[in-house]
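**Student:** Structure below; questions to follow.
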Amino acid sequence: MSRFDPVPERLRAWARAIWRDLVALHGAARDPRTPRLARWVAIATLAYALSPIDLIPDFIPLLGQLDDLVLVPLGLWWARALIPPEVMADARADTDRHSWLPESRGGAIAVLAIWALVAGWIGWTLLH
């Protein structure tokens, strides 16, 4: 690493840990030992983290990226606080053993279809 590296190693390590925990959260949300509230918080956090639509659009300087840097770790922290530690430990271990990317094309298609319907409805509403 050079001293002119735009992204310090600590920041990269933090981002990798966030990504690892998001993938582990996917597994923990599917575990039957996870309480219902924790499951809903985990699903909402994952949906926001993976969604192309943000509360504050990314084209707004600074605030557009700041909402992602605050809301995703906050949702992740809240979900981890609600999930039993043994469930999260099992999910992390499973994440380390397998791929870091969930393989659900059907889920990705469903999320994109829902966002397309919402965007279409908003567009239709604004035009009429």
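**Student:** Here is a check on your reading of the model: is LEU82 at positive phi and more than 14 Å from the chain's Cα centre (by Cα)?
**Tutor:** Against the criterion (at positive phi and more than 14 Å from the chain's Cα centre (by Cα)), LEU82 does not qualify.
**Student:** On to the next question. Out of the residues in the stretch 82-95 that are surrounded by 11 or more Cβ atoms within 10 Å (Cβ to Cβ) and without any contact (Cβ under 8 Å) to a residue 24 or more places away in the chain, which is nearest to PRO35 (Cα to Cα)? Steps first, please.
**Tutor:** Start the filter on the stretch 82-95 by keeping residues that are surrounded by 11 or more Cβ atoms within 10 Å (Cβ to Cβ), which leaves 82-84, 87-95.
Add one more test, that the residue is without any contact (Cβ under 8 Å) to a residue 24 or more places away in the chain, and what stays is 89, 93.
On the way: ALA89: 15, ALA93: 20 Å.
Selected residue: ALA89.
**Student:** A further question follows. Could you count how many residues in the stretch 96-117 are touching a residue at least 60 places away in the same chain (Cβ under 8 Å) and more than 17 Å from LEU25 (Cα to Cα)?
**Tutor:** Residues that pass the stated criteria total 2.
**Student:** Of the residues LEU46, LEU37, LEU76, which is among the aliphatic types (A, V, I, L, M) and either surrounded by fewer than 16 Cβ atoms within 10 Å (Cβ to Cβ) or over 18 Å from ALA91 (Cα atoms) (or both)?
**Tutor:** LEU37
**Student:** Checking GLU86 against (1) charged (D, E, K, R); (2) more than 20 Å from VAL23 (Cα to Cα); (3) in contact with a Lys or Arg (Cβ under 8 Å, 6 or more places away or on another chain), which single condition isn't satisfied?
**Tutor:** It fails just one condition, (2).
**Student:** Another question, if that's okay. Please list, ordered by first then second residue, the pairs with beta carbon atoms under 6 Å, 6 or more apart or interchain, first in the stretch 9-33 and in contact (Cβ under 8 Å) with a residue 12 or more places away in the chain and under 19 Å from LEU82 (Cα atoms), second in a helix (DSSP H, G or I) and basic (Lys, Arg).
**Tutor:** ALA24/ARG92; ALA29/ARG39
**Student:** Out of the stretch 1-18, which residues are part of a loop (DSSP other than H, G, I, E, B), among the small types (Gly, Ala, Ser) and either at pLDDT 80 or above or under 14 Å from the mean Cα position of the chain (by Cα) (or both)?
**Tutor:** Selection gives nothing.
**Student:** Please enumerate the residues belonging to the stretch 41-61 that are aromatic (Phe, Trp, Tyr) and in contact with a helix residue (DSSP H, G or I) (Cβ under 9 Å, 6 or more places away or on another chain).
**Tutor:** TYR48
The values are calculated or read from the model by the stated rules, or taken from the named source; none is laboratory data. It should be emphasised that the depicted structure is a prediction, and the values quoted were computed from it without experimental measurement. Using ideal geometry, Cβ is built from the backbone for each residue, glycine included, and neighbour counts are taken over all protein chains shown.
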